[in-house]
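The values are calculated or read from the model by the stated rules, or taken from the named source; none is laboratory data. No experiment lies behind these values; they were computed from the predicted model shown. With ideal geometry, Cβ positions are generated from the backbone for all residues, glycine too; neighbour counts draw on all protein chains shown. Remember, those area values only see protein heavy atoms, side chains included, never the ligands or the DNA or RNA. Shrake-Rupley method; radii C 1.70, N 1.55, O 1.52, S 1.80 Å.
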Amino acid sequence: MNGCLFCEIISGKRQTERVYEDEHCLAFRDINPQAPVHLLIIPRVHLGSLNEIDAAPDGLLHRLMRAAHEIAKQLKLDQKGYRIVINTGPQGGQTVFHLHIHLLGGRQMHWPPG
Ligand code: AMP
Ligand code: ZN
């Protein structure tokens, strides 16, 4: 989608180090990390937010979650634990309107989140 920051990362117009990629999604480091490990996992297709999930190809969310788990295993976060976050809409704290999963780990997480 024109003018979408994350679509520019997918197309290669904007450079970033890809820590994981497959047919459906890719992952890269968040520019403003909130934990020792803070990655963003994004689908290759543009969806503005989780609110558009009905327009997504079947099984896409499952693919994203599998990718998150695969990355967590590769980084050896799976035993100690990690957090998956999908901020949705302005009050949900979403600032980039291309669906993405935050994968946070490497420190103790707290509840409730801010
Ligand atoms: P959200 O607030 O859930 O929409 O998350 C958007 C995230 O994208 C924030 O954590 C930002 O730090 C991150 N971000 C914004 N621009 C970039 C970029 N060019 N590369 C990596 N992460 C970015
Ligand atoms: Zn996009």
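Summary table
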quantity: Restricting the range 98-112 to residues that are more than 12 Å from the chain's Cα centre (by Cα) and not in a strand (DSSP E or B), the residue that is nearest to Glu70 (Cα to Cα); calculated: Gly106
quantity: Meets criteria (touching a strand residue (DSSP E or B) at 6+ places or on another chain (Cβ under 8 Å), of a type in the set (Lys, Arg) and loosely packed, with under 15 Cβ neighbours inside 10 Å) for Lys80; calculated: yes
quantity: Residue list for the range 38-58, restricted to those being over 24 Å from Gln91 (Cα atoms) and under 12 Å from the mean Cα position of the chain (by Cα); calculated: Arg44
quantity: Residue that is among the charged types (D, E, K, R), within 25 Å of Glu8 (Cα to Cα), out of contact with any Phe, Trp or Tyr (no Cβ under 7 Å at 6 or more places or on another chain) and without any contact (Cβ under 8 Å) to a residue 12 or more places away in the chain, where the choices are Asp78, Asp54; calculated: Asp54
quantity: Close pairs from the range 1-14: first part of a helix (DSSP H, G or I), partner away from ligand 1 (no atom under 12 Å from the Cβ), Cβ under 7 Å, at least 6 apart; calculated: Cys7/Met1; Cys7/His46; Ile10/Arg44
quantity: Within the range 5-21, tally of residues that are surrounded by 11 or more Cβ atoms within 10 Å (Cβ to Cβ) and within 11 Å of ligand 1 (Cβ to nearest atom); calculated: 6
quantity: Top-ranked residue of the range 22-44 - restricted to ones that are under 22 Å from Ser11 (Cβ atoms) and away from ligand 1 (no atom under 11 Å from the Cβ), ranked as most open to solvent (accessible area, probe 1.4 Å); calculated: Glu23
quantity: Residues within the range 32-58 that are within 16 Å of ligand 2 (Cβ to nearest atom) and out of contact with any Asp or Glu (no Cβ under 6 Å at 6 or more places or on another chain), tallied; calculated: 16
quantity: Lone qualifier among Ala55, Ala72, Ala67 - being open to solvent by 40 Å² or more (accessible area, probe 1.4 Å), among the small types (Gly, Ala, Ser) and either closer than 16 Å to Phe6 by Cα or away from ligand 1 (no atom under 16 Å from the Cβ) (or both); calculated: Ala55
quantity: Filter pass, Ile31 being without any contact (Cβ under 8 Å) to a residue 24 or more places away in the chain and aliphatic (A, V, I, L, M); calculated: yes
